[in-house]
Amino acid sequence: MTWDDKIITDKELASFSEGPRGNQLASRVAALIEHQKRNWPLLREGYESLQKAELRRISLPGTQGGGVVLQLNPKRIRSTAAPVDKASVDARRCFLCPESLPPEEKGIAYGETLIITCNPYPVLDRHLSIIHRQHIPQRIEGNVETLLDLARDLGPDYFVLYNGPQCGASAPDHLHFQACSRTLLPIEDDLRGRTASDQVIALTGCGRSVIVYRGGDTRVLARSIYQSLDALARTGAPHGSDVSGEPMVNIIATNCERGWTVYLFPRARHRPASFYAEGEERLTISPGAIDMAGVVVMPDAEQFRRVTPERVGEILSEVSLDRKSVDKVVLKLTV
Ligand SMILES: [Zn+2]
(Lines give C-alpha, C1' and ligand atoms only; values in the text may rest on other atoms or scores of the structure.)
Protein backbone atom coordinates (compact mmCIF):
# COMPACT_ATOMS: atom_id res chain seq x y z
CA MET A 1 0.00 0.00 0.00
CA THR A 2 1.40 3.40 -0.99
CA TRP A 3 0.08 6.94 -0.49
CA ASP A 4 -1.00 7.06 -4.12
CA ASP A 5 -3.48 4.26 -3.35
CA LYS A 6 -4.89 6.30 -0.46
CA ILE A 7 -5.63 9.49 -2.38
CA ILE A 8 -9.29 10.05 -2.97
CA THR A 9 -10.33 10.61 -6.57
CA ASP A 10 -12.19 13.70 -7.78
CA LYS A 11 -14.99 11.38 -8.81
CA GLU A 12 -15.33 10.00 -5.28
CA LEU A 13 -15.35 13.53 -3.88
CA ALA A 14 -17.78 14.91 -6.46
CA SER A 15 -20.95 13.44 -4.97
CA PHE A 16 -20.09 14.89 -1.53
CA SER A 17 -19.21 18.37 -2.81
CA GLU A 18 -21.56 21.24 -2.34
CA GLY A 19 -20.28 22.94 -5.47
CA PRO A 20 -17.46 25.46 -5.88
CA ARG A 21 -16.94 27.78 -2.93
CA GLY A 22 -14.56 30.61 -2.16
CA ASN A 23 -12.03 28.44 -0.39
CA GLN A 24 -11.24 25.49 -2.56
CA LEU A 25 -9.22 23.39 -0.12
CA ALA A 26 -11.76 23.79 2.71
CA SER A 27 -14.52 22.74 0.36
CA ARG A 28 -12.58 19.65 -0.82
CA VAL A 29 -11.85 18.77 2.81
CA ALA A 30 -15.53 19.15 3.72
CA ALA A 31 -16.36 16.68 0.94
CA LEU A 32 -13.63 14.29 2.17
CA ILE A 33 -15.09 14.32 5.70
CA GLU A 34 -18.58 13.56 4.40
CA HIS A 35 -17.25 10.79 2.15
CA GLN A 36 -15.33 9.24 5.01
CA LYS A 37 -18.24 9.45 7.47
CA ARG A 38 -20.32 7.54 4.94
CA ASN A 39 -17.70 4.92 4.06
CA TRP A 40 -15.55 4.47 7.15
CA PRO A 41 -17.51 3.10 10.17
CA LEU A 42 -14.73 3.87 12.69
CA LEU A 43 -14.84 7.57 11.75
CA ARG A 44 -18.63 7.65 11.93
CA GLU A 45 -18.47 6.15 15.43
CA GLY A 46 -15.80 8.71 16.36
CA TYR A 47 -18.13 11.57 15.40
CA GLU A 48 -21.12 9.98 17.14
CA SER A 49 -19.04 9.72 20.28
CA LEU A 50 -17.87 13.35 19.92
CA GLN A 51 -21.48 14.50 19.67
CA LYS A 52 -22.22 12.81 22.98
CA ALA A 53 -19.07 14.12 24.70
CA GLU A 54 -19.91 16.01 27.88
CA LEU A 55 -18.38 19.46 28.36
CA ARG A 56 -17.65 21.33 31.58
CA ARG A 57 -16.65 24.98 31.30
CA ILE A 58 -14.48 26.16 34.18
CA SER A 59 -12.67 29.35 35.14
CA LEU A 60 -9.08 28.89 36.19
CA PRO A 61 -8.40 30.48 39.57
CA GLY A 62 -6.42 33.71 39.34
CA THR A 63 -7.01 34.23 35.62
CA GLN A 64 -9.01 36.84 33.75
CA GLY A 65 -9.66 35.09 30.47
CA GLY A 66 -12.24 32.74 29.07
CA GLY A 67 -11.19 29.73 31.16
CA VAL A 68 -11.06 26.25 29.74
CA VAL A 69 -13.50 23.56 28.68
CA LEU A 70 -13.14 20.04 30.05
CA GLN A 71 -14.23 17.39 27.59
CA LEU A 72 -15.21 13.86 28.61
CA ASN A 73 -14.10 11.75 25.65
CA PRO A 74 -13.56 8.05 26.49
CA LYS A 75 -12.43 7.22 22.94
CA ARG A 76 -9.31 9.32 23.44
CA ILE A 77 -7.85 6.95 26.05
CA ARG A 78 -5.62 5.38 23.42
CA SER A 79 -4.03 8.69 22.52
CA THR A 80 -4.07 10.28 26.00
CA ALA A 81 -2.33 7.30 27.58
CA ALA A 82 -0.16 6.34 24.57
CA PRO A 83 3.39 5.32 25.49
CA VAL A 84 5.69 7.68 23.60
CA ASP A 85 9.08 6.58 24.93
CA LYS A 86 11.57 5.49 22.28
CA ALA A 87 11.47 1.78 23.12
CA SER A 88 7.66 1.62 22.87
CA VAL A 89 7.61 3.66 19.66
CA ASP A 90 10.34 1.50 18.08
CA ALA A 91 8.45 -1.66 19.01
CA ARG A 92 5.13 -0.76 17.40
CA ARG A 93 4.09 -0.44 13.79
CA CYS A 94 3.81 3.21 12.78
CA PHE A 95 0.10 3.99 12.57
CA LEU A 96 0.67 6.94 10.21
CA CYS A 97 2.41 4.96 7.47
CA PRO A 98 0.09 4.11 4.56
CA GLU A 99 0.35 0.33 4.97
CA SER A 100 -1.08 0.60 8.51
CA LEU A 101 -4.06 2.76 7.64
CA PRO A 102 -7.49 1.11 7.52
CA PRO A 103 -8.54 0.29 3.94
CA GLU A 104 -11.44 2.76 4.15
CA GLU A 105 -9.19 5.69 5.05
CA LYS A 106 -8.56 8.13 2.19
CA GLY A 107 -6.89 11.50 1.92
CA ILE A 108 -6.32 14.63 -0.13
CA ALA A 109 -2.81 15.49 -1.32
CA TYR A 110 -1.53 18.82 -0.03
CA GLY A 111 1.53 20.02 -1.94
CA GLU A 112 4.04 17.32 -2.78
CA THR A 113 4.71 15.99 0.68
CA LEU A 114 1.53 15.98 2.78
CA ILE A 115 -1.74 14.05 2.85
CA ILE A 116 -4.81 15.41 4.63
CA THR A 117 -6.87 12.65 6.30
CA CYS A 118 -9.67 12.46 8.88
CA ASN A 119 -8.74 11.71 12.49
CA PRO A 120 -10.96 8.76 13.51
CA TYR A 121 -10.89 9.81 17.20
CA PRO A 122 -11.91 13.46 16.85
CA VAL A 123 -11.54 15.83 19.79
CA LEU A 124 -13.16 18.67 17.87
CA ASP A 125 -15.33 18.92 14.80
CA ARG A 126 -13.56 18.41 11.43
CA HIS A 127 -10.46 17.03 13.16
CA LEU A 128 -7.82 16.31 10.50
CA SER A 129 -4.47 14.53 10.59
CA ILE A 130 -2.05 15.98 8.06
CA ILE A 131 0.60 13.36 7.46
CA HIS A 132 3.97 13.57 5.72
CA ARG A 133 4.36 11.00 2.95
CA GLN A 134 7.65 9.86 4.40
CA HIS A 135 8.31 8.21 7.74
CA ILE A 136 10.52 11.02 9.05
CA PRO A 137 10.69 12.30 12.64
CA GLN A 138 8.35 14.90 14.10
CA ARG A 139 10.31 18.18 13.93
CA ILE A 140 9.38 21.85 13.78
CA GLU A 141 12.71 22.89 12.25
CA GLY A 142 12.00 23.77 8.61
CA ASN A 143 8.26 23.21 9.01
CA VAL A 144 6.88 26.46 10.45
CA GLU A 145 6.23 27.79 6.94
CA THR A 146 4.17 24.68 6.14
CA LEU A 147 2.12 25.18 9.29
CA LEU A 148 1.39 28.78 8.24
CA ASP A 149 0.57 27.78 4.67
CA LEU A 150 -1.86 25.14 5.92
CA ALA A 151 -3.62 27.67 8.17
CA ARG A 152 -3.98 30.07 5.23
CA ASP A 153 -5.14 27.43 2.76
CA LEU A 154 -7.65 25.77 5.10
CA GLY A 155 -9.03 29.24 5.83
CA PRO A 156 -10.55 31.04 8.83
CA ASP A 157 -12.82 28.19 9.93
CA TYR A 158 -9.85 26.02 10.96
CA PHE A 159 -6.87 26.15 13.26
CA VAL A 160 -3.76 24.11 12.54
CA LEU A 161 -1.55 22.59 15.23
CA TYR A 162 1.85 21.06 15.83
CA ASN A 163 2.62 18.86 18.82
CA GLY A 164 6.30 18.45 19.67
CA PRO A 165 7.67 14.88 19.66
CA GLN A 166 7.96 14.91 23.45
CA CYS A 167 4.83 16.80 24.40
CA GLY A 168 1.66 15.60 22.79
CA ALA A 169 2.51 13.88 19.49
CA SER A 170 1.51 10.24 19.76
CA ALA A 171 3.62 9.48 16.65
CA PRO A 172 6.94 11.21 17.48
CA ASP A 173 8.59 9.18 14.71
CA HIS A 174 6.38 10.34 11.82
CA LEU A 175 6.02 14.03 10.89
CA HIS A 176 2.42 15.23 11.05
CA PHE A 177 0.23 18.22 11.83
CA GLN A 178 -3.42 18.38 12.77
CA ALA A 179 -6.25 20.79 12.05
CA CYS A 180 -9.68 21.28 13.63
CA SER A 181 -12.71 23.49 13.47
CA ARG A 182 -12.03 26.83 15.13
CA THR A 183 -15.50 26.98 16.69
CA LEU A 184 -14.17 25.97 20.11
CA LEU A 185 -10.76 27.56 20.75
CA PRO A 186 -10.85 29.12 24.25
CA ILE A 187 -7.34 30.67 24.06
CA GLU A 188 -8.77 33.11 21.49
CA ASP A 189 -10.98 34.57 24.22
CA ASP A 190 -7.90 35.12 26.39
CA LEU A 191 -6.24 37.07 23.58
CA ARG A 192 -9.21 39.22 22.54
CA GLY A 193 -8.30 42.91 22.59
CA ARG A 194 -4.79 42.25 23.92
CA THR A 195 -2.56 42.71 20.83
CA ALA A 196 -2.26 44.74 17.72
CA SER A 197 -1.08 43.14 14.48
CA ASP A 198 2.64 42.63 13.84
CA GLN A 199 3.39 42.03 17.49
CA VAL A 200 4.94 39.34 19.63
CA ILE A 201 3.78 39.15 23.24
CA ALA A 202 3.87 36.79 26.19
CA LEU A 203 0.16 36.46 26.95
CA THR A 204 -0.46 36.79 30.66
CA GLY A 205 -3.43 36.10 32.88
CA CYS A 206 -4.48 32.83 31.29
CA GLY A 207 -2.82 30.41 33.69
CA ARG A 208 -0.32 28.92 31.24
CA SER A 209 2.67 30.19 29.28
CA VAL A 210 2.00 31.25 25.73
CA ILE A 211 3.80 33.45 23.23
CA VAL A 212 1.54 35.04 20.63
CA TYR A 213 2.71 36.23 17.20
CA ARG A 214 0.54 38.23 14.82
CA GLY A 215 1.38 39.33 11.33
CA GLY A 216 0.70 39.09 7.64
CA ASP A 217 4.10 38.06 6.30
CA THR A 218 4.99 34.36 6.36
CA ARG A 219 8.74 34.95 6.30
CA VAL A 220 8.74 37.50 9.11
CA LEU A 221 6.50 35.32 11.28
CA ALA A 222 8.46 32.14 10.60
CA ARG A 223 11.74 33.90 11.38
CA SER A 224 10.36 35.17 14.66
CA ILE A 225 9.13 31.68 15.62
CA TYR A 226 12.47 30.05 14.71
CA GLN A 227 14.27 32.71 16.77
CA SER A 228 12.02 31.87 19.72
CA LEU A 229 12.77 28.16 19.37
CA ASP A 230 16.52 28.91 19.29
CA ALA A 231 16.18 31.20 22.28
CA LEU A 232 14.20 28.55 24.17
CA ALA A 233 16.87 25.96 23.41
CA ARG A 234 19.58 28.37 24.63
CA THR A 235 17.59 29.20 27.76
CA GLY A 236 17.89 25.53 28.59
CA ALA A 237 14.16 24.90 28.09
CA PRO A 238 13.45 21.18 28.50
CA HIS A 239 13.46 18.99 25.41
CA GLY A 240 12.45 15.72 27.03
CA SER A 241 14.43 12.74 25.83
CA ASP A 242 14.29 13.94 22.23
CA VAL A 243 17.65 13.64 20.51
CA SER A 244 17.03 16.62 18.21
CA GLY A 245 17.21 18.98 21.18
CA GLU A 246 13.99 20.66 20.06
CA PRO A 247 12.52 22.56 23.00
CA MET A 248 9.18 21.14 24.09
CA VAL A 249 6.45 23.20 22.42
CA ASN A 250 2.92 23.04 21.10
CA ILE A 251 1.96 25.48 18.36
CA ILE A 252 -1.44 26.60 17.07
CA ALA A 253 -1.95 28.79 14.00
CA THR A 254 -5.04 30.56 12.73
CA ASN A 255 -5.45 32.75 9.68
CA CYS A 256 -8.00 35.30 8.55
CA GLU A 257 -8.02 38.31 6.23
CA ARG A 258 -5.83 40.28 8.63
CA GLY A 259 -3.15 37.60 8.65
CA TRP A 260 -1.95 34.94 11.06
CA THR A 261 -2.17 34.52 14.79
CA VAL A 262 0.23 31.93 16.16
CA TYR A 263 0.17 30.63 19.75
CA LEU A 264 3.36 28.94 20.92
CA PHE A 265 3.15 27.08 24.25
CA PRO A 266 6.64 26.50 25.71
CA ARG A 267 6.52 23.46 27.95
CA ALA A 268 8.33 22.37 31.08
CA ARG A 269 7.16 18.78 30.91
CA HIS A 270 4.82 16.56 28.94
CA ARG A 271 2.72 14.82 31.55
CA PRO A 272 1.97 16.23 35.00
CA ALA A 273 2.83 14.24 38.14
CA SER A 274 -0.87 13.41 38.64
CA PHE A 275 -0.80 11.39 35.40
CA TYR A 276 1.43 8.82 37.15
CA ALA A 277 -0.21 9.05 40.59
CA GLU A 278 -2.38 6.33 42.11
CA GLY A 279 -5.92 6.41 43.49
CA GLU A 280 -7.63 9.74 44.18
CA GLU A 281 -4.58 11.69 43.04
CA ARG A 282 -4.54 10.15 39.57
CA LEU A 283 -5.78 12.26 36.64
CA THR A 284 -5.49 10.99 33.09
CA ILE A 285 -4.74 14.38 31.56
CA SER A 286 -1.87 14.42 29.06
CA PRO A 287 -1.74 17.91 27.58
CA GLY A 288 -1.04 18.53 23.91
CA ALA A 289 -1.81 21.60 21.80
CA ILE A 290 -5.60 21.29 22.03
CA ASP A 291 -5.51 21.02 25.83
CA MET A 292 -3.09 23.96 26.12
CA ALA A 293 -5.45 25.95 23.87
CA GLY A 294 -8.22 25.36 26.40
CA VAL A 295 -10.03 22.12 25.53
CA VAL A 296 -8.78 19.70 28.17
CA VAL A 297 -9.53 16.14 27.11
CA MET A 298 -10.38 13.64 29.84
CA PRO A 299 -11.13 10.00 28.96
CA ASP A 300 -12.26 9.00 32.48
CA ALA A 301 -15.82 9.88 33.58
CA GLU A 302 -15.20 9.69 37.32
CA GLN A 303 -12.13 11.94 37.09
CA PHE A 304 -14.01 14.34 34.80
CA ARG A 305 -16.66 14.88 37.49
CA ARG A 306 -14.38 15.16 40.48
CA VAL A 307 -11.53 17.32 39.14
CA THR A 308 -11.56 20.88 40.51
CA PRO A 309 -10.70 24.09 38.63
CA GLU A 310 -7.76 24.49 41.04
CA ARG A 311 -6.30 21.11 39.99
CA VAL A 312 -6.71 21.86 36.28
CA GLY A 313 -5.02 25.24 36.84
CA GLU A 314 -2.16 23.54 38.68
CA ILE A 315 -1.70 21.01 35.89
CA LEU A 316 -1.57 23.61 33.11
CA SER A 317 0.87 25.65 35.14
CA GLU A 318 3.00 22.60 36.01
CA VAL A 319 3.48 21.61 32.35
CA SER A 320 4.19 25.21 31.21
CA LEU A 321 7.66 26.70 31.09
CA ASP A 322 8.12 29.25 33.89
CA ARG A 323 7.18 32.87 33.28
CA LYS A 324 10.69 34.26 33.76
CA SER A 325 12.20 32.07 31.03
CA VAL A 326 9.36 32.90 28.64
CA ASP A 327 9.74 36.64 29.26
CA LYS A 328 13.46 36.37 28.52
CA VAL A 329 12.71 34.78 25.14
CA VAL A 330 10.15 37.42 24.19
CA LEU A 331 12.42 40.23 25.30
CA LYS A 332 15.11 39.00 22.93
CA LEU A 333 12.60 39.13 20.06
CA THR A 334 11.36 42.63 20.65
CA VAL A 335 14.66 44.48 21.19
ZN1 LIG B 1 5.33 6.17 9.74
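The values are calculated or read from the model by the stated rules, or taken from the named source; none is laboratory data. From a predicted model like this one, the values you see are computed outputs, not experimental measurements. Here the Cβ is made from the backbone with ideal geometry for all residues, glycine too, and neighbour counts use every protein chain on show. Surface accessibility is based on the protein's heavy atoms, side chains included, excluding ligands, DNA and RNA. Shrake-Rupley method; radii C 1.70, N 1.55, O 1.52, S 1.80 Å.
General observations
- Highest average packing first - 309-315, 192-198, Cβ atoms within 10 Å: 309-315, 192-198
- Normalised contact order of the chain, rounded percent, pairs of Cα under 8 Å and 6 or more residues apart: 20 percent
- For Ala196, net neighbour charge (Lys/Arg +1, Asp/Glu -1) across residues whose Cβ lies under 11 Å away: +2
- Sites matching GluC sites (Glu not before Pro) across region 1-83 that sit in DSSP coil, with at most 10 neighbouring C-beta atoms within 10 Å: Glu18
- Surface per residue (accessible, 1.4 Å probe) for the chain, Å²: 44 Å²
- Globularity index of the chain, i.e. its alpha-carbon radius of gyration over 2.2 N^0.38 Å: 0.95
- Were the residues from Arg139 through Arg57 laid out at 0.36 nm apart, the gain over their Cα-Cα distance would be 26.2 nm.
- Region 226-267, accessible surface, carbon-and-sulfur percent (1.4 angstrom probe): 48 percent
- The Cys94 and Glu34 beta-carbon pair, evaluated with R₀ = 25 Å, returns a calculated FRET efficiency of approximately 0.35.
- In this Cβ point-charge picture (+1 for Lys and Arg, -1 for Asp and Glu), the chain has a dipole of about 460 debye about its Cα centre.
- Label sites at Val69 and Ala301, each approximated as a point 7 angstrom past Cα along Cα to Cβ, lie 2.1 nm apart.
- The label point for Arg234 and the one for Thr218, both projected 7 Å from the Cα toward the Cβ, are 2.7 nm apart.
- Computed lengthening from Lys86 to Asp189, 0.36 nm per intervening residue step minus Cα-Cα distance: 33.4 nm
- Here region 53-116 exposes an accessible surface that is 55 percent carbon and sulfur, computed with a 1.4 Å probe and the other protein chains kept in place.
- Gained length - Ile77 relative to Leu42, 0.36 nm times residue gap less alpha-carbon distance: 11.1 nm
- Per-residue SASA entry for Lys75, accessible area with 1.4 Å probe, Å² rounded to 10: 80 Å²
- Most positive-pole-ward Cα, Ser244, Leu42, Leu264, against dipole of the chain from beta carbon charges: Leu264
- Under-5 Å amide H pairs with Leu128, H placed in peptide plane, nonlocal only: Asn119, Ala179, Cys180
- Tensor-based shape of region 66-139 (alpha-carbon gyration tensor, a/c under 1.5 rounded, otherwise prolate or oblate): oblate
- Dipole of region 157-226, positive direction: furthest Cα of Ile187, Ile211, Ser170, with charges on the beta-carbon: Ile211
- Each part reduced to its alpha carbon centroid, region 192-238 and region 311-335 end up 11 Å apart.
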